[in-house]
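Here the structure comes first, spelled out in structure tokens, and everything after it is commentary.
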Amino acid sequence: MKYLFLLIIMVSGSVQAFTVNEDINYLLDTMEKSSCEFIRNGATHSPKEAVRHLKKKWRYYADEINTAEDFIKKAATGSSMSGKPYFIQCEKEQKIQSSQWLLKQLQLHQRQAIE
């Protein structure tokens, strides 16, 4: 019985969370595959353009990004030049700030690690 208990602990302990890079790449892949528009400084951009821009900002802020939440806050929330927030506009949905959309996608992704 003692060995069965240890086996259960070992198996349950093997559930791994995603790495920071996996989380961020998931967010970028999800954005790129979406039909949502990315709005930056009042201009609308395609998902591919958005991802290209966010990857540049990820590289720029790399030393300050230790979590996917850091990535969202530092690189994907708004313009560092104008201070204006980024927005996401998906079909038939209300325009929301990019941070809200990305945090929702991150939560969905992290639930996968648990299930």
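The values are calculated or read from the model by the stated rules, or taken from the named source; none is laboratory data. As the structure is a prediction and not an experimental result, all values here were calculated from the model. Methodologically, a virtual Cβ is constructed for each residue, glycine included, from the backbone with ideal geometry; neighbour enumeration extends over all protein chains shown.
Structure data summary
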quantity: Within the range 72-110, tally of residues that are among the charged types (D, E, K, R) and within 13 Å of the chain's Cα centre (by Cα); calculated: 3
quantity: Matching residues, the range 75-109, being closer than 19 Å to K56 by Cβ and assigned to a loop (DSSP other than H, G, I, E, B); calculated: A76, T77, S79, S80, M81, S82, G83, K84, Y86
quantity: All positions within the range 30-46 that are of a type outside the set (S, T, N, Q) and without any contact (Cβ under 8 Å) to a residue 12 or more places away in the chain; calculated: A43, H45
quantity: Flag if V20 is modelled with pLDDT under 95, within 27 Å of Q112 (Cα to Cα) and surrounded by 12 or more Cβ atoms within 10 Å (Cβ to Cβ); calculated: yes
quantity: Test: W58 is in a helix (DSSP H, G or I), in contact (Cβ under 8 Å) with a residue 60 or more places away in the chain and among the aromatic types (F, W, Y); calculated: no
quantity: Test result for S80, modelled with pLDDT under 95 and more than 23 Å from F18 (Cβ to Cβ); calculated: yes
quantity: Qualifying positions in the range 23-46 - surrounded by fewer than 18 Cβ atoms within 10 Å (Cβ to Cβ) and either in a loop (DSSP other than H, G, I, E, B) or at pLDDT below 95 (or both); calculated: S34, S35, N41, G42, S46
